1. Divide by every residue of the chain the summed helix terms, -39500 (n - 2.57) for each DSSP H run of at least 4, and state the resulting mean residue ellipticity at 222 nm, rounded to the nearest 500 deg cm²/dmol.
2. Report the full-extension gain for the segment Val210 to Ala51: residue separation times 0.36 nm, less the Cα-Cα distance, to one decimal in nm.
3. Just order 167-176, 224-233, 54-63 by mean Cβ neighbour count inside 10 Å, highest at the front, would you?
4. For the chain, state what percent of all Cα-Cα pairs lands in each successive 10 Å bin, counting from 0 Å until the bin that includes the largest distance.
5. What's the extension gain from Val124 to Ala227 if we count 0.36 nm per residue and subtract their Cα-Cα distance?
6. Mind giving me the nanometre distance, one decimal, between the label points for Glu200 and Asp29, set 7 Å out from Cα along Cα→Cβ?
7. Could you tell me the center-to-center distance, by alpha carbons, between segment 139-165 and segment 178-245 in angstrom?
8. How large is the Kirkwood hydrodynamic radius of segment 136-224, counting all unique pairs of alpha carbons, in Å?
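Every number in this text was worked out from the coordinates using simple rules, so none of it is lab data. This one's a predicted model, so the numbers in the text were calculated from it and none came from an experiment. Quick reminder, even Gly has a Cβ in these numbers, built from the backbone with ideal geometry, and neighbours come from all protein chains shown.
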Amino acid sequence: MNNSRMGRALQDVPAADLPLVAALLAATDAFGAGEMEVLEFQAHILDILRADPPEVTLARWIARALESGQDQVLSRRDHGTRDDTIQMIHVAPGEVHPCHCHHNVTSTQVLLTGALHAREFDRVAHAAPDAMHLRLVFDGVLAPGDILQARDGARNAHWFAALDAPATILNFNIRGYESDTFYPLETRPLGRRLLDATTETGEGLLLGRVIGVEEAYARFGRTPLSAFPMPVPAMESRARSLRKV
């Protein structure tokens with residue numbers, strides 16, 4: 001399954017009438033207005049999700065995603081150079097999202113049902129126009145309540161796959177809101193960059209080689225992450241969770 005957005009513009013979707021959705025959008029607007037720094041914004045998002053547990057509030061959308069096998073969009077707003085999306089992602093058993101990084105994306109993902117094998121990477125430095133040095137930050141299995149949280153400067157690349165049951169993930173991402181980015185702001189369109197991150201470069205780092213959609217899905221799209229053991233150890237093996245403060 002090709003699940004890569006790759007910068008495609010998508011239609012707006014009116015926000016679901018839920019306090020949780022309203023709180024996430026209000027936080028986004030405050031961040032966009034310069035009222036919070038990115039780390040403060042990400043911490044605030046976790047506070048919102050802890051105060052209004054998404055597995056309860058979004059039970060209807062979780063059920064819809066599991067019954068239909070389709071993503072469910074709770075809100076999408078396009079502001080021209082920026083956009084933000086709140087959605088329920090459905091990941092079928094064995095479905096893989098190949099390793100990818102993002103340009104100017106600030107995201108929080110919470111696993112709500114199922115289990116994922118996930119890896120997170122920091123982009124350390126450019127290695128070539130279409131390659132980068134990566135640091136493996138996390139490699140392990142996510143359970144419900146566990147989170148992946150990325151910003152342009154940290155944990156920006158990730159790679160995950162559902163295990164033996166379907167998974168649902170609350171995905172809240174905003175694009176175009178940061179000013180200090182790995183790629184110059186105007187040189188890259190928003191969206192994913194698919195990577196081959198299986199080669200060690202030395203000093204505990206990996207080479208992230210930008211690859212095309214066809215190559216990424218042919219090599220990684222139906223293969224468990226365990227088939228590609230990492231040649232370097234992860235810095236962390238314990239998942240971060242909404243339930244662990």
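1. Details: 5 runs with 50 residues, N = 245.
It comes out at -6000 deg cm²/dmol, rounded to the nearest 500.
2. Gain in length upon complete extension: 53.4 nm.
3. Result, highest mean Cβ count within 10 Å first: 167-176, 54-63, 224-233.
4. Going from the shortest bin to the longest, the percentages are 7, 33, 39, 19, 2, 0.
5. Values: separation 103, 0.36 × 103 = 37.08 nm, distance 2.48 nm.
Difference between extended and current length: 34.6 nm.
6. Those two pseudo-labels are separated by 5.1 nm.
7. 11
8. Details: mean 1/r = 0.0645 Å⁻¹.
When all Cα pairs of segment 136-224 are included, the Kirkwood radius is 15.5 Å.
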